[in-house]
Amino acid sequence: MQPPTDRDQDQTSAGPTKKVFVKSYGCQMNVYDATRMSDVLAKEGYAETASVEDADLIVLNTCHIREHASEKVFSELGKLRILKQERKASGKDTKIAVAGCVAQAEGAEIIRRQSAVDLVVGPQSYHRFPELLRRADNGGGVVDTDFPVEDKFDFLAEPAPERIRARGVTAFVTVQEGCDKFCTFCVVPYTRGAEVSRPVAQIMKEVERLAASGVREISLLGQNVNAYHGEAPDGSIWSLAKLAEHIVTVHPNIARIRYTTSHPRDMSDDLIAAHRDLPQFMPFLHLPVQSGSDRILAEMNRKHTAADYLRLVERIRKARPDLALSSDFIVGFPGETEAEFRETLKLIEEVTFASSFFFKYSARPGTPASVLDEQLSEEVKVERLARLQELVDSQRHSFNRAMLGRETEVLFEKPGRHPGQIGGKSPWLQAVHVDGPTSLIGEVAKLRIIEVGSNSLRGELLESEVSR
Ligand code: SAM
Ligand code: SF4
């Protein structure tokens, strides 16, 4: 397979004739993958539709991380089978494709469980979508869950500027995929494979296109994004901090850089220093700790203790005192005692998080934790989750309330819910809306927070002058 040339990129097919509906589950990396799949399919003449009933092709971009997430896919497929039959009765053909981590993990089993599925495609094969669709025309179900030798990023179609503009002024860019950490509860190392960093030049080409089309904020994504170690054109290996610094140096229009998800063990000194030295690095860091109990952390194979995490937080906050943190927590890991759970609550109290995600432990097939004795009952998990949620929510509310009366900068992203309003994000990822003109969308402006709601803040603009 030859990588597409610039001429190929500019050639569009005769105009969209078919419609595709893409539904993404799970993490931001899946959201990013969904846009890349849509771009590939656009070259094949598929226009995106928000109405599943109108779609000639339906893509479910799935998540395998918890049992609930996987099972949702099969219940959705049951509904789609009926839709496919109804469309057939009115003379319309419908193809159903399953992509993402359930596709990777379950492969042909998906078609065995739900024969309405035409195509199963794993995350490393999205560039092959057109060829797979053509093979699916012959019927029988097509499965591609290979880890191909070629790099899909060299073959994925690049979006036209108008498609980038339609997606807004913030964009995701996956820079790293896969994971070598093998936490005992997690399927990612099996579904996404070993850790791979994209080369610097390939990322810069993508960023160039985004910046030229008006993108102002880039979120660098990876299953372990701070483990990034990509090859630069001179053959040297760059860290995430070096990559971020290069992006904002080459593209001064990129006003903000975020990155997610980070592992505590990969918070290197240069990345911490970049939080001090790089004003474009937003002072908000998602740094999952999972548990506050050292025994549970060891059982999880996290390879850090609660004290290691606290020391790390102290170093990061020293470098950037206004940095706010968020985390993922798992409650009810096999064998977790009440005292061990309380150690998690204690750690949350010590750190104080701006927001967090929390999950009941879900046994995943093939992972070491799933075969541990002492799987906890659903009641215990539900009860612990509620207590943890209460604490995390109260910290989130206090963090938001502390914004009242403060001046801050917001990158405006879209019109607000009410006429005359626009909405954007604070540096700490809080949704903020103000009365203001839509001409400010894409600009960073100063404002004062005048109201704090449960899910968003309201501000008033301080100056008509905006920073670019
Ligand atoms: N790489 C990131 C890290 O190490 O923190 C997280 C990636 S994972 C896609 C997102 C989150 O899902 C994890 O941080 C964990 O809290 C949660 N998760 C993963 N496996 C889980 C399981 N079996 N049960 C419950 N939650 C799980
Ligand atoms: Fe999963 Fe652990 Fe890797 Fe995160 S670091 S993706 S939780 S195995």
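A short reminder: the numbers here are calculations on the coordinates, not readings from a lab. None of these values were measured; they are calculated from a predicted model. All Cβ positions, even for glycine, are placed from backbone atoms using ideal geometry, and neighbour counts span all protein chains on display.
The stretch between ALA319 and ASP146 holds 58.0 nm of extra length on full extension. This uses 0.36 nm per residue minus the Cα-Cα distance. The mean sequence distance of close C-alpha pairs (under 8 Å, at least 6 residues apart), as a share of the length of segment 73-223, puts its relative contact order at 20 percent. The tail of the calculated P(r) for the chain, taken as Cα-Cα distances beyond 40 Å, holds 23 percent of the pairs.
The Cα center of segment 160-189 and the Cα center of segment 369-390 differ in position by 29 Å. Residues of segment 177-191 with an amide N closer than 19 Å to a point placed 7 Å from the Cα of ASP308 along the Cα-to-Cβ direction: 179-186, 189. Sorted fewest first by neighbouring Cβ atoms within 10 angstrom, SER236, SER362 come out as SER236, SER362. Here the simple spin-label model places points 7 Å from the Cα toward Cβ, and for ASP269 and ARG163 these points are separated by 4.4 nm. Of all lysines in the structure, the ones whose alpha carbon falls short of 20 Å from that of LYS19, not counting any fewer than 8 places away in one chain, are LYS43, LYS79, LYS84, LYS88, LYS92, LYS95.
Distant-in-sequence amide contacts of VAL59, defined by a placed amide H-H separation under 5 Å and a gap of 5 or more residues or a different chain, comprise PHE21, VAL22, LYS23, ALA97.
Each peptide in 325-334, 186-195 receives the mean, over its residues, of other Cβ atoms within 10 Å, and ordering these scores from highest gives 325-334, 186-195. Electrostatic tally near GLY335: other residues with Cβ closer than 10 Å to its Cβ, Lys and Arg +1, Asp and Glu -1, net -4. Modelled label positions at ALA232 and ALA89, each set 7 Å beyond Cα in the direction of Cβ, lie 6.3 nm from each other. For segment 155-303, what is the relative contact order in percent, using Cα pairs closer than 8 Å and at least 6 residues apart in sequence? Relative contact order of segment 155-303: 23 percent.
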